[in-house]
Amino acid sequence: MIDPILARLEAHELVRRLREEELTYLFKHALVQDTVRASLLLQERKRLHRLVGESLETLYPKQRAELAPLLTQHFANAGDDEKTRVYATMAGDEATRMNANAEALEQYTRALDLAQRANAADEIVQELFLKRGRVLEVKGDYPAAVENYDAMLRAAKERSSRVMEMAALIARATAHSIPSVVYDEPRAQELSDRALELARALNNPEAQAKILWNLMLLHSRVGTNRKLATAYGEQALEIARAHNLRERLAYVLNDIAPLITFHGQSERGKQYNLESRRMWRAMDNLPMLSSNFGYAVMIHLLLGEYDEAIAASEEGLKISREIGNAWNEAFTQTWIGEAYIERGEFEKAFRVMRAAIALGETVFPPTLVLTRSDLARLYTDCGQPERGVELATLALQVAEQRFPAIRPAAASALAHAYLALGKTEAARDVLRDAPEAFQPEFNPFYAADLALAQIELLLAEKEFARARVLCEDVLNHVHVNTMRQYEMELLLKYAQLHLRSKELDAAEERIRQARWLAERMDARWSLLRVSALERALALARGDAGAAHAHQATIAALREAIAARTPPELRAGFLERAGKYEY
């Protein structure tokens, strides 16, 4: 019956049929569409929109998720708030699955407004607040996410819902626990304490596991107590496994993996990282999959597995850019510059570090300390220590203002730059408050940075006895905990110490250990420095032939690295690399 009418409309060029399997027409001009719509009475328009919406539901029951945006619009125009909310939520879920964050945010906001207006059940309102907050986090808009959770908390109190109140406290604590632009350790602790009290009162193991996970994040990411963080993580892990909380288990495994690795359980750390990766893939959770690769970078770097670290960074970066997740884009590039440096790929190191720092202020501020410190050190080693001082000073300022626990990374880079300039007093001043002994009970990652800077200063000051004690202390710890990234640096400094103390046999053994490790890691930058030590040892023994052979190796490594250094820095690198004297 409708076909003749459609045929007449098509003949008068008012509509045109699309070349599709389904019978589909478009108005040939928007003015025609507007005129037709305006000619219909409001109630008739509503009736037709409802009719279209219900027809789509009937004809395509298995495609409702795909058609959810269209169904949302038809039922909204029909004045059916309940169905509009249902389909807006479905559309938001589908957009989230497709990583269309802007559309997901719009649909969840629409659904939430309708749910609150209709005084929908607490579970519905809570779910929509959490979904909207998660989208904001994935977008990197943590201030807006916090505002969302504050609104959720107000709604919970208005509804006298302890369950929703607990969920809001947990969600906001998460935002404050991680190193985002809203990082706030005291606030995160206070919110977590309140949430944990509620979770225990409500006998909610899932909430307890999430709160313990929050506390693990709080005390590990830029906190100072890794042992306490690991204890929280182990408790969360036990609860998640006992109650078969699959998604929470994936989160805990993901985030405890690097902690376990830093405490010497590298195989277990790798296992947890891969286990959570399989779970994220199965759940098709791309933001967390990307985060997982970021943690893999940290684990592989610590173990001196540079190929694996680079591969993990590239995969995480690819996923992050595909889904528009700037947080993980920064995270996967935060440390990877160190791998490129050891590979002698200085140009790539500069590129990834600058990219991470550019994202730092808006989504992942730790790059302004950690990555900037690495960049400062690289400038120093490329013959621009003044630029190194400038960058490390900026990094130190950010650390002192926002992340005091990661101050050692910046202090170490600044002291390195000052020593390259011969400013021993300035380096001493930067490290004045550093503890005399190595303190791995807090964060071995940053403690090692600080210890390396202290040893470098002690060598410059010819305080060999004190340098020896610290070298032995730190080397034992990093060896036991398989921290090869730091073991390499310590072996080089220990060899320097032996050479300057005229302990040539001891120097030879340290150099041999360093060469074995550098070759195993294919670390060209470290191999260059090992070769310089070998030449110095040969000269100290009066072996001119061996010294000449080592000089040829040094020259080849210098040229290879220089070819992969930004053109404007090559001359400076070659000049500084040619002056290595131990």
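Report summary: the helix-based calculation at 222 nm, which adds -39500 (n - 2.57) for every DSSP H run with n ≥ 4 and divides by the residues of the chain, gives -25500 deg cm²/dmol.
In this simple spin-label approximation, E197 and D505 carry label points 7 Å from Cα along the Cα→Cβ vector, and these lie 6.7 nm apart. Tell me the angle of helix 504-521 to the major Cα principal axis of the chain, expressed in degrees between 0 and 90 and rounded to the nearest ten. Between the helix axis and the principal axis of the chain, the angle is about 20 degrees.
With a simple spin-label model that places each label point 7 Å from the Cα along the Cα-to-Cβ direction, the separation between V469 and R47 comes to 9.4 nm.
Of the trypsin sites (Lys or Arg not before Pro) found in segment 519-563, the ones in coil according to DSSP and having at most 16 other Cβ atoms within 10 Å of their Cβ are R541. Were the residues from E158 through T424 laid out at 0.36 nm apart, the gain over their Cα-Cα distance would be 89.6 nm.
Phi angles across segment 542-558 convert, under the Karplus curve 6.51 cos²θ - 1.76 cosθ + 1.60 with θ = phi - 60°, into 3J(HN,Hα) values of x, 9, 5, x, 5, 4, 5, 5, 5, 5, 5, 5, 4, 4, 5, 5, 4 Hz, Gly and Pro given as x. Computed from the C-beta positions of E147 and D543, the FRET efficiency with R₀ = 60 Å rounds to 0.30.
Charges at C-beta only: +1 for Lys and Arg, -1 for Asp and Glu. How large is the resulting dipole of the chain about its Cα centre, in Debye rounded to 20?
Taking the Cα centre of the chain as origin, the dipole is about 300 debye.
Rg/Rh for segment 261-398 (Cα atoms only, Rh after Kirkwood) is 1.00. For the listed residue pairs K210/K270; K139/K210; K62/K157; K62/K131, the alpha carbons are over 27 angstrom apart in K62/K157. Distances between every pair of Cα atoms in the chain, grouped in 10 Å steps from 0 to the bin holding the largest one, split as 3, 15, 23, 20, 14, 11, 7, 4, 2, 1, 0 percent.
For W516 and E400, the FRET efficiency from 1/(1 + (r/R0)^6), where r spans their Cβ atoms and R0 equals 30 Å, is about 0.15. The alpha carbon convex hull volume per residue for segment 348-500 rounds to 115 Å³.
Axis of helix 444-460 versus longest Cα principal axis of the chain: the two differ by about 30°, to the nearest ten degrees.
Stokes-Einstein, applied to the Kirkwood radius of segment 441-576 over Cα pairs at a viscosity of 0.692 mPa s and 37 °C, places its translational diffusion at 208 µm² s⁻¹.
No lab work stands behind these numbers, since they all come straight from the coordinates. The model shown is predicted, which means the values in this text are computed figures rather than measured ones. Heads up, the Cβs are rebuilt from the backbone with ideal geometry, glycines too, and the neighbour counts pull from every protein chain shown.
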